[in-house]
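The values are calculated or read from the model by the stated rules, or taken from the named source; none is laboratory data. If you're wondering where the values come from, they're calculated on a predicted model, not measured in any experiment. Ideal geometry is used to build each Cβ from the backbone, glycine not excepted, and the neighbour counts take in all protein chains shown. Surface accessibility is based on the protein's heavy atoms, side chains included, excluding ligands, DNA and RNA. Shrake-Rupley method; radii C 1.70, N 1.55, O 1.52, S 1.80 Å.
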Amino acid sequence: MPPRKKQRVDDTALKVAPATGRVTRSTTKAARAQVGATHAAAEQPDTTTKALVRVPKRVILKGRLRSLPDFALEIQLEIYSYLGSRDLLYLSRTCKKFRAFFLDRPLNERLWTRARENTSNLPERPPFMSEPAFIHLLYSHNCQNCGAANVRKILWSYFLRVCSACYPKVTMWCGDAAREAVEIDPERYLYDGTPSLYQIFAAYGSVKAYFYIESYKSPAGYNDKKRNRIPTAAVQSVFERFKALPKPVTTDARHVFFNGLQEEYEIRLKYARLIHAWQQDQEDERIGVLDNARMCRFEAIVTRLRGSGWAPELDFIGTSGLEEMSRMPLVRVSSKLTEGAWRKVLVVLEPFLNDIRAERLDTELRATLRTRFAALEDAIVTHCVAIPREAHMDHRPQYIDLAFEPEIRAILDVPVSQNVTSQDFADIIPPVVERWKAQTRQSLLDYIRPHLGEIAADVDPLKLATALFAKQESRRTRTIRYSAIIAPVFKFDNSEQSYGDLMDLRTDDHYSKDAVFCKEDDPYVRTTKSLHWSTETVEAFRAQEKESHGYWSTRKPLSLENLADEKTASLIVRRMRDLVSAVGLDPARATIEDLDKCGVWLRCASCETKYPNNAIHAFSWEGAYRHGEDWHSSTWCVLEQSPASTQRVPPEWKRADSADMAKVDAYLQNVRSDYYMIWSCTLCRTFDAKGGTMRAHLKDVHDIVPSGGIQQARQEGLIYPHPALDVWQKTAWSNRTCAVLRNAIRPNAHQ
């Protein structure tokens, strides 16, 4: 049993001779009078010397229970009979007299048994343990080897409480026990089924029949020396009992010995399970008390935080955030919240709350700007779009294009408490939109005009069929028209998430924290560029903002910096010039409308010559351009110029004749319509969708059900292809740009 607690003394007190007799009221008064006289004498000034007189130290009287052991035995037993087991244990550790009295063996049964009866829900005491030892095991949290405090781990089957430092000292690995067993019992294996001392320690399957060990979970298995351990005292006890057997040890004696070990283990295990279950209940109760104390402390912290001006932040983080805050250091402790403790807690919580405040302000700004930009978009659409809607009306800016214009930002970048509606933009939107269109048009002209060559003076260069822009991407070159560049990017099913397959010149990709966006300090700029982010993306950015890498896609005003270089731009224009000439139009005058209306389909003469057995196709101009782009950028349709080298050359086109066009018409009649194309509704200002969604929209919103499907709706002017589609998407999503004139010829096997 650990030593009793030492009596608390005042270090500044004078040493007082211990009382030798019985302490009564009169002796106490006499002691106090003596101390008072000593104080009075000390206060008298010393007239003979100048030495400083030391003030006597205060005497601390001993505990009020010091005279209790001197009471009559019957009185003491009557007093102690009302105590519980825990009280009796703590009382026995207060002084040597109490320790000697309560550990007196003749009184053990009378004192401790009655105390155990006064305590409810105690487990049954093992018969091989004394009453004091049993109560000490249950209630004392000190290591039974070194006396360390707050030890929760108990080796239940051995009724031993040890700390983690002493555990390796008081236990031994099963393998070491097996080696020592060989020295005592040389017989390792007895093949008649009789057990040996070595066998009960040699394997996990056998040792667990006689001793309780922690089951191994590591790859080392039985060789895990941290888990497969037995108390050294238990092992030595088995060894001593085996040595005491008559020599030589007979087979019957072995069976009796090892069967006895198993029976003892089963008895110990029975009581160990009861004690373990009781301890689990006590631990649950203790945790419940601590949790309740922590909850009271946390509620006090939250109340003080609300009174200190952090109420908006606490409301913002909600239940999950409060739960996270409750697990922080100095917050989750169970002690009472004092003024000193509150100051320490506030020091710990201030960085966390400051981050929450920044997130709250950012979230409020993001929600406010989303509402204001919706009002800005509404003002832009009101100015640019009328019903019925036409394709040229989609040639308008988006909110991101005007967000940084001075007059627009002056309306948007105001305190969140201020209300902003679309009417606030009504007067300034017309001039700002027209200025933006003029600037964008001039920038595109400066980019494409040098590559167009000679053109007719009365033709708008940006409307020419050859005026095709390109954006260089990792896998392919994306081509797009002027109208698609300035048109708003399609929002899939009218949601806030942009459709990713559409080429957009208003997007920036950041692959590192070192990007300019991640260093942006202006909240308005930073929020505006990331306004399209979902809640999950915003949370991910906040979580990874301090890391050294990441990928973030942000919005920016329309920019031409992502367009292809001059060499690629010239190649694109030259390819379109050859295509326009092939259909019989003048590249210097033909517009994109002329190209759409000509109705000429083309065949690739280069492919038909090089691969005569392949299928023969007829292409619309979009399909022909896609075919030529694939042909030019891959080894398909490569013409050998010499035995030693190959060179990619532009394809040669020939027009489809009347017989071919008859097959094309028949194909278009039977083929499924452009169901996966993106369409714009002429009866709505902003609704865009794919085929199936558009048909449902026409039916549910406008009560129109075209019998001929999407193509009939297009012919009747109810829908039109979204202007943001590029040539690649029109050919990828539509099956009306390529028709099979002849299937491939499969030669016979013997040929």
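May I ask you to list the residues in the range 166-210 that are in a loop (DSSP other than H, G, I, E, B) and of a type in the set (A, V, I, L, M)?
First, the residues of the range 166-210 that are in a loop (DSSP other than H, G, I, E, B): 166, 185-198, 203, 208-210.
Passing the criteria: Leu190, Leu197, Ala203, Ala209.
Within the range 323-344, identify whether any single residue is under 28 Å from Ala403 (Cβ atoms), open to solvent by 60 Å² or more (accessible area, probe 1.4 Å) and out of contact with any His (no Cβ under 8 Å at 6 or more places or on another chain), and answer yes or no.
The first filter runs over the range 323-344 and keeps only residues under 28 Å from Ala403 (Cβ atoms), leaving none.
No; the residues of the range 323-344 include none that is under 28 Å from Ala403 (Cβ atoms), open to solvent by 60 Å² or more (accessible area, probe 1.4 Å) and out of contact with any His (no Cβ under 8 Å at 6 or more places or on another chain).
In the range 82-103, which residue that is under 56 Å from the mean Cα position of the chain (by Cα), under 16 Å from Asp70 (Cα atoms) and surrounded by 18 or more Cβ atoms within 10 Å (Cβ to Cβ) is modelled with the lowest pLDDT?
My answer is Cys95.
Could you check Asp586 against (1) open to solvent by 30 Å² or more (accessible area, probe 1.4 Å); (2) modelled with pLDDT under 90 and say which number it fails?
It is condition (2) that Asp586 fails.
Among the residues that make up the range 184-196, is at least one of them of a type in the set (Ser, Thr, Tyr), over 24 Å from Ile267 (Cβ atoms) and open to solvent by less than 50 Å² (accessible area, probe 1.4 Å)? If you could, list the steps in order and put the result at the bottom.
Applying the first criterion (of a type in the set (Ser, Thr, Tyr)) to the range 184-196 yields 189, 191, 194, 196.
If we keep only those that are over 24 Å from Ile267 (Cβ atoms) too, we end up with 189, 191.
Now narrow it down to the ones that are open to solvent by less than 50 Å² (accessible area, probe 1.4 Å): none.
No, the range 184-196 contains no residue that is of a type in the set (Ser, Thr, Tyr), over 24 Å from Ile267 (Cβ atoms) and open to solvent by less than 50 Å² (accessible area, probe 1.4 Å).
If I ask for residues that are touching a helix residue (DSSP H, G or I) at 6+ places or on another chain (Cβ under 8 Å) and assigned to a loop (DSSP other than H, G, I, E, B), which ones from the range 599-614 would you list?
Within the range 599-614, the first condition is being touching a helix residue (DSSP H, G or I) at 6+ places or on another chain (Cβ under 8 Å), and the residues that meet it are 600-604, 606-607, 614.
Result: Val600, Trp601, Asn614.
Among the candidates Asp703, Asp665, single out the residue that is open to solvent by 60 Å² or more (accessible area, probe 1.4 Å) and either over 25 Å from Asp394 (Cα atoms) or modelled with pLDDT under 90 (or both). First the steps, then the outcome.
Details: Asp703 fails: either over 25 Å from Asp394 (Cα atoms) or modelled with pLDDT under 90 (or both).
None of the other options fit; the residue is Asp665.
Take the residues in the range 104-134 that are hydrophobic (A, V, I, L, M, F, W, C) and open to solvent by less than 60 Å² (accessible area, probe 1.4 Å); name whichever of them is nearest to the chain's Cα centre (by Cα). Can you show your working first?
Taking the range 104-134 as the starting set, the residues that turn out to be hydrophobic (A, V, I, L, M, F, W, C) are 107, 111-112, 115, 122, 128-129, 133-134.
So of that shortlist, the ones also open to solvent by less than 60 Å² (accessible area, probe 1.4 Å) come out as 107, 111-112, 115, 122, 129, 133-134.
Working: Leu107: 62, Leu111: 58, Trp112: 55, Ala115: 53, Leu122: 45, Met129: 52, Ala133: 50, Phe134: 48 Å.
Ranking the qualifying residues of the range 104-134, first place goes to Leu122.
Could you check the range 274-284 and list, in sequence order, the residues that are among the acidic types (Asp, Glu) and either touching a residue at least 24 places away in the same chain (Cβ under 8 Å) or surrounded by 11 or more Cβ atoms within 10 Å (Cβ to Cβ) (or both)? Write out each step before concluding.
First, pick out the residues of the range 274-284 that are among the acidic types (Asp, Glu): 281, 283-284.
Answer for the range 274-284, where residues must be among the acidic types (Asp, Glu) and either touching a residue at least 24 places away in the same chain (Cβ under 8 Å) or surrounded by 11 or more Cβ atoms within 10 Å (Cβ to Cβ) (or both): Asp281, Glu283.
Restrict the check to the range 542-554 and report whether at least one residue is modelled with pLDDT of 70 or more and out of contact with any Asp or Glu (no Cβ under 7 Å at 6 or more places or on another chain).
yes
When the residues of the range 615-654 are filtered to those that are in a loop (DSSP other than H, G, I, E, B), of a type outside the set (A, V, I, L, M) and open to solvent by 20 Å² or more (accessible area, probe 1.4 Å), which remaining residue is modelled with the highest pLDDT? Explain how you work it out, then say what you get.
We begin by selecting, within the range 615-654, every residue in a loop (DSSP other than H, G, I, E, B); these are 615, 620, 634-638, 643-644, 648-652.
Next cut, of a type outside the set (A, V, I, L, M) only: 620, 634-637, 643, 648, 650-652.
Now restrict to residues that are open to solvent by 20 Å² or more (accessible area, probe 1.4 Å): 634-636, 643, 648, 650-652.
Numbers: Ser634: 44, Thr635: 35, Trp636: 36, Pro643: 38, Arg648: 56, Pro650: 77, Pro651: 84, Glu652: 88.
Filtering the range 615-654 for residues that are in a loop (DSSP other than H, G, I, E, B), of a type outside the set (A, V, I, L, M) and open to solvent by 20 Å² or more (accessible area, probe 1.4 Å), the one modelled with the highest pLDDT comes out as Glu652.
Among Lys247, Lys226, Lys243, Lys270, which is the only one that is modelled with pLDDT of 90 or more, over 17 Å from Ile200 (Cβ atoms) and open to solvent by 50 Å² or more (accessible area, probe 1.4 Å)?
Numbers: Lys247 fails: modelled with pLDDT of 90 or more; Lys226 fails: modelled with pLDDT of 90 or more; Lys243 fails: over 17 Å from Ile200 (Cβ atoms).
Exactly one residue qualifies, and that residue is Lys270.
Can you run down the residue pairs with Cβ atoms below 7 Å, 6 or more apart or on separate chains, where the first is in the range 358-375 and within 21 Å of Asp521 (Cβ to Cβ) and the partner is open to solvent by 30 Å² or more (accessible area, probe 1.4 Å) and among the aromatic types (Phe, Trp, Tyr)?
Arg360/Phe316
With Glu593, Glu566, Glu561 as the choices, which residue is open to solvent by 70 Å² or more (accessible area, probe 1.4 Å), modelled with pLDDT under 85 and farther than 20 Å from Arg372 by Cβ?
Glu561
Mind checking which residues of the range 384-396 are of a type in the set (Gly, Ala, Ser) and either crowded, with 19+ Cβ neighbours inside 10 Å or assigned to a loop (DSSP other than H, G, I, E, B) (or both)? Before you say what the answer is, go through the steps one by one.
Initial filter on the range 384-396 (of a type in the set (Gly, Ala, Ser)): 386, 391.
Ala386 - this is the single residue of the range 384-396 that is of a type in the set (Gly, Ala, Ser) and either crowded, with 19+ Cβ neighbours inside 10 Å or assigned to a loop (DSSP other than H, G, I, E, B) (or both).
Looking only at the range 568-582, decide whether some residue is outside any helix (DSSP H, G or I) and within 28 Å of Lys437 (Cβ to Cβ).
No; the residues of the range 568-582 include none that is outside any helix (DSSP H, G or I) and within 28 Å of Lys437 (Cβ to Cβ).
Looking at the range 310-343 only, could you name the residues that are under 17 Å from Glu359 (Cβ atoms) and part of a loop (DSSP other than H, G, I, E, B)?
Of the residues in the range 310-343, the ones under 17 Å from Glu359 (Cβ atoms) are 310-325, 328.
Passing the criteria: Trp310, Met328.
Inside the range 63-81, can you point out the residues that are loosely packed, with under 15 Cβ neighbours inside 10 Å and not hydrophobic (A, V, I, L, M, F, W, C)?
Of the range 63-81, the ones loosely packed, with under 15 Cβ neighbours inside 10 Å are 63-65, 67, 69-75, 77-79, 81.
Selection gives Gly63, Arg64, Ser67, Pro69, Asp70, Glu74, Glu78, Ser81.
Of the residues that sit in the range 473-495 and are at pLDDT below 65 and part of a strand (DSSP E or B), which one is nearest to the chain's Cα centre (by Cα)?
Per the stated criteria, the residue is Lys491.
Return yes when Ile287 is in contact with a Leu (Cβ under 8 Å, 6 or more places away or on another chain) and open to solvent by less than 80 Å² (accessible area, probe 1.4 Å) and no when it is not.
Values: in contact with a Leu (Cβ under 8 Å, 6 or more places away or on another chain): no; open to solvent by less than 80 Å² (accessible area, probe 1.4 Å): yes.
When the stated conditions are applied, Ile287 does not pass them.
Might you check whether a residue that is over 19 Å from Trp342 (Cα atoms) and surrounded by 11 or more Cβ atoms within 10 Å (Cβ to Cβ) occurs anywhere in the range 290-310?
Initial filter on the range 290-310 (over 19 Å from Trp342 (Cα atoms)): none.
No, that holds for no residue.
Out of Val420, Val381, which single residue is crowded, with 16+ Cβ neighbours inside 10 Å and assigned to a loop (DSSP other than H, G, I, E, B)? Break it down into steps so the answer makes sense when it comes.
Numbers: Val381 fails: assigned to a loop (DSSP other than H, G, I, E, B).
Testing whether each residue is crowded, with 16+ Cβ neighbours inside 10 Å and assigned to a loop (DSSP other than H, G, I, E, B) leaves just Val420.
I'm trying to understand the selection: among the residues of the range 323-345, which are among the hydrophobic types (A, V, I, L, M, F, W, C) and either more than 23 Å from Leu290 (Cβ to Cβ) or in contact (Cβ under 8 Å) with a residue 24 or more places away in the chain (or both)?
The first filter runs over the range 323-345 and keeps only residues among the hydrophobic types (A, V, I, L, M, F, W, C), leaving 325, 328, 330-331, 333, 337, 341-342, 345.
Hits for the range 323-345 are Met325, Met328, Val331, Val333, Leu337, Trp342, Val345.
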